[in-house]
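As structure tokens, the structure follows; a few thoughts come after it.
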Amino acid sequence: MGAYLVRRFGLMLLTLFGISVIIFTLLRIVPGNIVDILFDSAGMVDPAEKQRIARELGLDLSLPQQYVAWISGILRGDLGYSYVSEKPALEEIAPRIPITAKLAVLALVFSVLIGVPLGVISAVRQNTLTDYALRVLSLSGLSLPSFWLGLLVLMAFVSWFDTLPIYSDRITGFWAQLALFSVPAAAVGFRSSALVMRLTRSSMLEVLRQDYIRTARAKGATRQSVNYRHALRNALLPVVTVIGIEAAFLIGGLIVTETVFNIPGVARFLVEAIRARDYPIVQNLVMLIAVVVVVVNFVVDMLYAVLDPRIKYGG
Amino acid sequence: MLRRTAALFASAFALAGVLVGTAALAPAMAQEPKRGGILRMYQRDNPPSASIHEGATFSVNAPFMGLYNNLVMYDHAKELDSFDTIIPELATKWAWGDGGKSLTFTLQPGVKWHDGKPFTAADVKCTFDLVQGKKEDKLRTNPRRSLYDNVLDVVPNGDHEVTLKLGRPQPSLLNLLASGYTPMYPCHVNAAGMRTRPIGTGPFKLAEFKQNEMIRLTRNTEYWKPGRPYLDGVEMPIITNRSTAMLAFISGKLDLTFPTEVTQQVLRDLRTQAPKAICHMGPVNVSTNLIVNRDKPPFDNADLRRAMALSLDRKAFNTIIAEGEASVGGTMLPQPQGVWGMPKEMLESIAGYGPDIAANRAEARKLMEKHGYGPGKRLAVKISTRNIAAYRDPAVILIDHLKEIYIDGELEIVETGVWFGKVARKDYAVGLNLTGNSVDDPDQSFFENYSCKSERNVTGYCNPELEKMFEAQSMETDLEKRKRMVWEIDRQLQEDVARPIILHNHSGTCWHPEVVGFRMANNASYNRYRFEDVWLNR
């Protein structure tokens, strides 16, 4: 197990290195940099002035020099300065992480709490009216774009309750924040819950046809016990994998949701930073997201062993 | 006749609208202003900095103009921003001297910067030195440096008087100084500081500027104008999604929309969902125009450029894009809102502006045929434009119009980040562009967009004889005489197909009736955000 962990850790570092090279290169391939954008919006073309700003921002260095400066900065805990706000990148990124983390965790919780039970119900009541209704619901979850759903939710709130559940930094306290984030989390988690629901259903249906389930029923186990103790635990393996992948995909949904609900989180900030070619912000945020995805995948792999004792690592 | 009757009715309705709006406002206006409260207006995007002198968009003016004062300003209570509505601010009075080649300002005594230091004539000099690039400390971007080329020197005469020495008489200088783009900066704060921790003399101090999240201004309790501001502060959440912002306005979470963000289509929604909202819809002094690179064959041929100008059906553009609410004019903002716009008869006498589109296009086809083009030999060209709906939509219509004269356009969408660099390098043949003006003034428009040496003259149009007329009109002090000179220049620019103006866009701003004392100008959108006279009737 120890050797496996070391190998996995090494692979994680290699993955992160690869991502760092890719994101660094891609950012430089995209036409225009921050100086172009600043000068464009100001209608200026003086090359000497442009050179001066580029020098100020360190953009006159060669690409390898810029890359080394960035990575060595990360290792020292210095993420550089935002080109736009001229504040330390860490100071800009750090306050946004908890906001997005709350939203992402709530969205995942929503998708699991809704998706898994409804998937089970749909499976055990296969081909009944409940099953059909739940399948329609899950299909709609997969088909509705989250920006449209988000706007629809906002419009409904304005029309029915005369209020708008968008972010405000004046709202503090656990319950108030829970209420604040629950609406956008539900909007973004709806798609994931639909996916989880469909996968749980098909996985459950497969497991419910297994011999050991028939044996359990023959031994007189209760319906509850068969469905939840025997079947669900075994059906969860692919679901957990998908939840892990969804955690990574969630960031895509969060960009839209954070924009629609005006939440100043990491995802929206990333898009704005890309627009402004604010390299230090984009590079560090993408690395942060990459670290989260890699760690989540690692945790999912470890969870396999917990869910299925037959799975052993490093043996 | 029918057209004239329609115009008459339109004017009557517009007047009625203004009267109704004024009548609705009258009871509140008559009241004693109430103190306190936070005005909530959304900010449409993340401003690149808080330094107005570095900004080239009113995404910087709108949130930060309240931090500063100008030497002179436009009276925010008046309908138009023009010579007649310029009032004193940091300067209590001004006087022209030396045959119009010097302008002396007497400064308001007892004015303090937000950090308590006194405002003096030295700060005025520092501001001009900074904008003109004379200081060692440089602005990161300096979009309006060329506007002050005529200011040779700024000479403080003690602490409370300052003289601007000019190269030639320039009455319009006062207009430029009254613009929201010309605040006074302190000597003791550097350019970088003004971007992130700005210090002004204005009615509000910067309380918070969280990138992509929130801008908060708080009342300057030491403000030098007695009794102002009425508000305790201004809160501006940065809401980039227009639908969310409008819903926030409808739900009452916001008091005011971001200026000019309300389109005709959005206005219709607001009328039904927030029927009590007061909305101002009018010209914003931003024109949609056709740019043709006259150095690039075959467009170095004047006949082809003229044919393109003749192909334009401005009414169709107006109907499709602005539901008929935009204005048609030359370079200068059209009358009645524009001070300098050409009279209708003069405008319609210019090639391509006449009402008979079929005849115009027939003439255009003849010009094309003269150079060998026709149904069997069409001219293929890329139509470049910026990747923003306000650019893309008219570009598509332009392609359609050019088809009528044997030109097959292919749309080339250019990212915002590279758009201006591309057109400034003249790396395009034909383009669809938008041009904004901070003040309704010929000096700003002519020198910036049509002067031979201007960085923003993206078509390469250069007419030294006409440029002499730019200077002549700039020095003219008789307003009526100057108007006629400006009309003649504008007519010439359109005849020369320098940059055919397709439309002058209109857009709107809305606020709830509780907001009192806010008024948008009818001929500019950069100058009305001091917020010191605004109060909340709650």
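At a glance:
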{"item": "From phi via Karplus (6.51, -1.76, 1.60), per-residue ³J(HN,Hα) for the stretch B:216-221 in Hz, x at Gly/Pro", "result": "10, 10, 10, 4, 8, 5"}
{"item": "Residue B:475/residue B:79 FRET efficiency (R0 25 Å; Cβ-Cβ; nearest 0.05)", "result": "0.35"}
{"item": "Nonlocal amide H pairs with residue B:291, under 5 Å, H built at 1.01 Å", "result": "B:431, B:432, B:433"}
{"item": "Under the Debye formula (equal points on every Cα, no solvent term), log10 I(q)/I(0) of the stretch A:96-307 at q = 0.11 Å⁻¹", "result": "-0.61"}
{"item": "Those trypsin sites (Lys or Arg not before Pro) in the stretch B:433-496 that DSSP places in a loop and that have at most 14 other beta carbons within 10 Å", "result": "B:453"}
{"item": "Nonlocal amide H pairs with residue B:161, under 5 Å, H built at 1.01 Å", "result": "B:107, B:121"}
{"item": "Rel. contact order, % - alpha carbon contacts under 8 angstrom, at least six apart, chain A", "result": "27"}
{"item": "Cross-link table B:370/B:403; A:50/B:101; B:117/B:138; B:134/B:453, entries beyond 24 Å C-alpha to C-alpha", "result": "A:50/B:101"}
{"item": "Sites matching trypsin sites (Lys or Arg not before Pro) across the stretch B:120-210 that sit in DSSP coil, with at most 14 neighbouring C-beta atoms within 10 Å", "result": "B:134"}
{"item": "Vicinal HN-Hα couplings computed from phi for the stretch A:144-155 (Karplus, 6.51 cos²θ - 1.76 cosθ + 1.60; Hz; Gly/Pro x)", "result": "7, x, 5, 5, 5, 4, x, 5, 4, 4, 4, 4"}
{"item": "Computed E for residue B:188/residue B:165 - FRET, C-beta separation, R0 25 angstrom, nearest 0.05", "result": "0.55"}
{"item": "Cα pair distances in the protein assembly as shown, grouped into 20 Å bins until the bin that holds the longest one, percent each", "result": "13, 40, 32, 12, 2, 0"}
{"item": "Residues of the stretch B:512-538 with amide N under 20 Å of the 7 Å Cα→Cβ point at residue B:221", "result": "B:532"}
{"item": "Rounded to 5, percent antiparallel among DSSP beta bridges of chain B", "result": "75"}
{"item": "Farthest toward positive dipole pole in chain B [+1 Lys/Arg, -1 Asp/Glu at C-beta], among B:201, B:450, B:384", "result": "B:384"}
{"item": "Listed residue (A:271, A:294, B:72) projecting farthest to the positive dipole end of the protein assembly as shown, Cβ model", "result": "A:294"}
{"item": "Shape of the stretch B:62-181, Cα gyration tensor, a/c cut at 1.5", "result": "rounded"}
{"item": "Beta bridges by DSSP in the stretch B:283-506, antiparallel share as percent, to the nearest 5", "result": "55"}
{"item": "Magnitude of the charge dipole, chain B, Cβ model with Lys/Arg +1 and Asp/Glu -1, debye to 20", "result": "680"}
{"item": "³J(HN,Hα) computed for each position of the stretch B:494-505 - Karplus, 6.51 cos²θ - 1.76 cosθ + 1.60, integer Hz, glycine/proline x", "result": "6, 5, 7, 6, 5, 6, x, 7, 8, 8, 9, 6"}
{"item": "Computed magnitude of the charge dipole of the stretch B:283-506 (debye, nearest 20; Cβ of K, R +1, Cβ of D, E -1)", "result": "640"}
{"item": "Gained length - residue A:211 relative to residue A:51, 0.36 nm times residue gap less alpha-carbon distance", "result": "50.3 nm"}
{"item": "Neighbour-count order for B:187, B:452, B:510, fewest beta carbons within 10 angstrom listed first", "result": "B:452, B:187, B:510"}
{"item": "Charge context of residue B:139, other residues only, Cβ under 13 angstrom, K/R +1, D/E -1", "result": "+1"}
{"item": "Least to most buried among B:94, A:148, A:70 (fewest other Cβ within 10 Å first)", "result": "A:148, B:94, A:70"}
{"item": "Sorted by Cβ neighbour density within 10 Å, fewest at the top, the residues B:106, B:92", "result": "B:92, B:106"}
{"item": "Fraction of beta bridges assigned by DSSP in the protein assembly as shown that are antiparallel (%, nearest 5)", "result": "75"}
{"item": "Förster-model FRET efficiency, 41 Å R0, residue A:159 and residue A:248, C-beta, rounded to 0.05", "result": "0.70"}
{"item": "Estimated dipole of the stretch A:162-283 in Debye, rounded to 20 [Cβ of Lys and Arg +1, of Asp and Glu -1, Cα centre]", "result": "820"}
{"item": "Coordinate range along principal axes, alpha carbons of chain B, Å, largest first", "result": "74, 55, 43"}
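Only the coordinates and a few stated rules stand behind these numbers; no lab work does. Computed from a predicted structure; not experimentally measured. Ideal geometry is used to build each Cβ from the backbone, glycine not excepted, and the neighbour counts take in all protein chains shown.
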